[in-house]
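Since the structure comes first, as structure tokens, the remarks are kept for the end.
Laboratory data are not the source of any read-out in this text; all were calculated from the coordinates shown. As the structure is a computational prediction, the values presented were derived from the model and not from experiment. No Cβ is skipped: glycine too gets one built from the backbone with ideal geometry, and neighbour counts run over all protein chains shown.
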Amino acid sequence: MKQNRIILKRFSIITICVLFIFSLCSCNSTGRYAKRDIDEKIIVHALGIDMTKDGKFEVTLQMLAQQGSGSNTPIDPSKPNSASVSQIADTIPAAIERCETDLGKKAFLGHSELILLGKNVEDLNPIFDFALNAEGISLGIFMAYTDVTAKEILNIKITSGTYSAEVLKEIFEESVKNGTSTECELIRHIDNIENTNGVTVMPIIKKIKDDKKSSDEKENSSSEENFGESKSDDSNVKSENEKVKSESSEDSQSESSSKSEESSSKSEESSSKSEESSSKSEESSSKSEGGSGGGEESGSGGGSSEEAEVTAFYIDGAVIIKNKKPQSVMTRDEIIGLSFLNNGIAEQEIDAKLGDTFKPVNVGSVKKDTKVSIKNNRVAVDINLTLSYEFYKSYSEKEKKIITAKATEHIYSICNKTITKALKEEKADIFEIHSLLNHNDYTLYEEYKKNPDAILERVDINIKIDPQN
Amino acid sequence: MRKISFGQMITILFLSRIFYAMTFIPFMYSDVTCQVIGFSISTAIECLAVIPVIILYKKHPDKNLCQVAYEKSKIFGILICVAFAFAAVLVINRLLRYFGYFMYVTFPDFLPSWIVIGAIAIISFYAAFQGIEAIARSAGIAFGFFVLSFIIVTAALWTKMSFTNVIYNYPSIKHISHEVFNELSKFTELLLFPILYPYIKEKAGKSIYAALALKLIFVYLITSICVLTLGSYLNISKFPFFDLGTYAETFLIERLDAFLLPAWILIAFIKTALFMLIAKIALSTGFKKVKSNVFLLIISVAAFAASLAAVLQEKWSYSVLDKTVIMILILILGVVLPLVYCFGKGDENETE
């Protein structure tokens, strides 16, 4: 009996404590700590940041469109599942606040997957400041550039996948695996910037446009300064894609390109124009290998077209950032070279040229050994790459040897191109040289910290590829 | 007197220390290399510093330091009891401020910091009111939760760790000594142990060494994972261990920071409750005529009021109070005093 009373007494005290704490938590109905229900918040999936001509920030928030969700099913695939809102202000938080006012809800950034930067963004300082200080933004959020405005990309409403930003994230993840993109998580950018003189590499995401739009953009291309080089690469990729189609190599179709097919086939029903573009998106996605997602664009950026266009995304090249400012653009091949040299590639289709024909071979990284030595005041970084090669079964042993040699030659060439571009031309430490020096020669590392450019001038990167069949 | 087991004592001592490691290690303004060397040196010093208390325990296994001092000299004993209570108030005050700061930075719009620390103070008061056994049992749950969350976060981050993220610097004597001083000012186990050792069933001496070893292992693990995963982001990270949670993701959960939060709350609560308890024990030893729970109430209110004043002004850290004063109290109460009482005759019912 006495024991029961004690238990009852303890239970009462605990209940009073819990009730007291909860009542304290919920007593605030106004001010900073005002209680907000879940329906008073919007879950932001992606943020787009553009610069206006007068130096202001245009922020686009992409979130789940509730009208795309059926009442009984989680997602209604016939409707686009994302919505977006844009606002312009002097600072990024102020622009977000205006978006919140537009929506009448508080934006929750904790589940954001992507920060997309428009081509006009020329100073990353305010963006990093925002990303590091904004409440809840994950360190794993992807950060990338686009060759148009971020608003334009985020306004594309994809009907496939769970939601648009997730499709974009999958594109990045797949591209990192096949080496067409560098790692682009916020924390990796910060780590690179902290260790070097503000150097990092941000992939560029592009959309595949229809003929009408492409011709419009060609006219405008003379006025676009930042990614002019990248634009020419885009056209190269397209022409290569057409070539791939003519070869009709079915094996190169990736999983996400089939996703694009699915979504575009849905759009085919709606308009004949969509049909043309969807076949185009299929072509490009087959080459971009995983870097694509299909969807329907219902109006873009500032000058939105009212006609629906079927589009797809792909990663094409990257921007070298130096001193937290975009410096130059790397091509898709150069990024593949960089991936071979840095983190390795899970698998990448390399076309070995034999006479007039191309023979595809699947190359993957197995091992990487790096040695640093100092000779005659030069820093020699010897990178030994062990790569695996996978062929079509129909090749003979002799053919395999020739294809291996040709593919290896191609990899040498793209790696050297990357080294020339980044190290010799841009003096950008995107090869983790700071880390190599820190682990191998501390005196040199101290010199590097004082004057990175002077040390990078003395660095020679030598590659040796060990093919493994 | 209800006693706790060897394992529970280790858990209590370990948790009272790991709060700082979870919150501030590796510290953003210090070099990681110096910090790692500092942890090793400070742990070695800590191992030496506990020897007088262990000898005292062997001489007086059933009497805590306050009781020993009170028996030798009543007035001096009362002074020692008050000093222990004062040290406990300072430690609770520091912990509540740090916890308030952690919540203020990581969940700024969630709750006002004063409500957070108020809630911790109330729950801790209740746990201290229930006694050492209740705290020890709760510590077991908190320890289990901490280890589980640590394993899950580490597993989720495994693929994201890279040796290229490790950037070390040549350590300087000045920086290392600074780190050693910092670490020793957090060595509050030396305030807990002389009061709590009569409550342990067996192997009290071994329990503190086990707790120190466990602390060192986890501090190394936390530092290594932070360095391998976060790289130079550590230079700007206020709460590195918590940031691991924001970066970690599994196929089911996008981010694990919310998963880590209960471990923080539980550990903060355990530590606050422990120091409320030792303050209560110390004062009730010195002032036998007053009911011990009155002291508990006074201590809780004093610690909370001091923290509240700081939190409302958003003053999260007081360098002299948090480091120098606590460090001096640890040295006097945890090392010098036991050393003085080491000499002389022990109790008749000596054990171990």
**Request:** Provide the descending list of Cα extents for region B:6-342 along its principal axes, expressed in whole angstroms.
**Result:** 60, 41, 36
**Amide proton proximity set for A:Val459, modelled H, under 5 Å, gap of 5+** = A:Val379
**Message:** Quick check: Cα centre of region B:238-283 to Cα centre of region A:309-356, how many Å?
**Reply:** 42 Å
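In whole percent, what relative contact order does chain B give with Cα contacts below 8 Å and a gap of six or more residues?
Relative contact order of chain B: 42 percent.
List the relative contact order of region B:227-323 as a percent without decimals, with contacts defined as Cα pairs under 8 Å and 6+ residues apart.
On the way: 45 pairs, mean separation 12.2, N = 97.
Result for region B:227-323 is 13 percent.
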**Members of A:Lys368/A:Lys449; A:Lys177/A:Lys367; B:Lys215/B:Lys315; A:Lys177/A:Lys406; A:Lys325/A:Lys427 lying beyond 18 Å, as alpha-carbon distances in this model show** = A:Lys368/A:Lys449; B:Lys215/B:Lys315; A:Lys177/A:Lys406
**Request:** Would you mind checking the pairs B:Lys206/B:Lys289; A:Lys324/A:Lys424; A:Lys169/B:Lys160; B:Lys74/B:Lys203; A:Lys119/A:Lys324 and listing those with alpha carbons more than 26 angstrom apart?
**Result:** B:Lys206/B:Lys289; B:Lys74/B:Lys203
**Request:** Name the longest site-free stretch of chain B, where the excluded sites are chymotrypsin sites (Phe, Trp or Tyr not before Pro) in a DSSP loop with no more than 11 other beta-carbon atoms within 10 Å.
**Result:** B:30-250
**Request:** Enumerate the calculated ³J(HN,Hα) couplings along region B:295-300 in order (Karplus 6.51 cos²θ - 1.76 cosθ + 1.60, θ = phi - 60°), each rounded to whole Hz, writing x wherever the residue is Gly or Pro.
**Result:** 4, 4, 5, 4, 4, 4
**Request:** Search the structure for amide H atoms under 5 Å from the amide H of A:Ile42, placed 1.01 Å from N in the peptide plane, and list their residues when 5 or more places away or on another chain.
**Result:** A:Lys106, A:Ala107, A:Phe108
**Item:** Listed residues B:Ile115, B:Ile267, B:Ile135, most fluctuating in chain B (Gaussian network, C-alpha, under 10 Å)
**Value:** B:Ile115
**Request:** Please report the relative contact order for region A:331-378, taking Cα pairs under 8 Å with a sequence separation of at least 6, and give it as a percent rounded to a whole number.
**Result:** 29 percent
**Prompt:** Okay, which of region B:28-63 sit inside 12 Å, backbone N to the point 7 Å along the Cα-Cβ direction of B:Ile173?
**Reply:** none
**Message:** Give me a comma-separated list of calculated 3J(HN,Hα) values for region B:322-327, in order, Karplus coefficients 6.51, -1.76, 1.60 applied at θ = phi - 60°, integers in Hz, x for any Gly or Pro.
**Reply:** 6, 10, 5, 5, 5, 4
**Prompt:** For region B:231-324, what size does the Cα cloud have along each of its three principal axes, sorted from largest down, in whole Å?
**Reply:** 60, 32, 23
**Request:** Please list, in chain and number order, the residues 5+ apart from A:Asn155 or on another chain whose amide H is under 5 Å from its amide H, with Hs placed from the backbone.
**Result:** A:Gly301
**Prompt:** region A:337-468: Rg/Rh from Cα coordinates, Kirkwood Rh?
**Reply:** 1.06
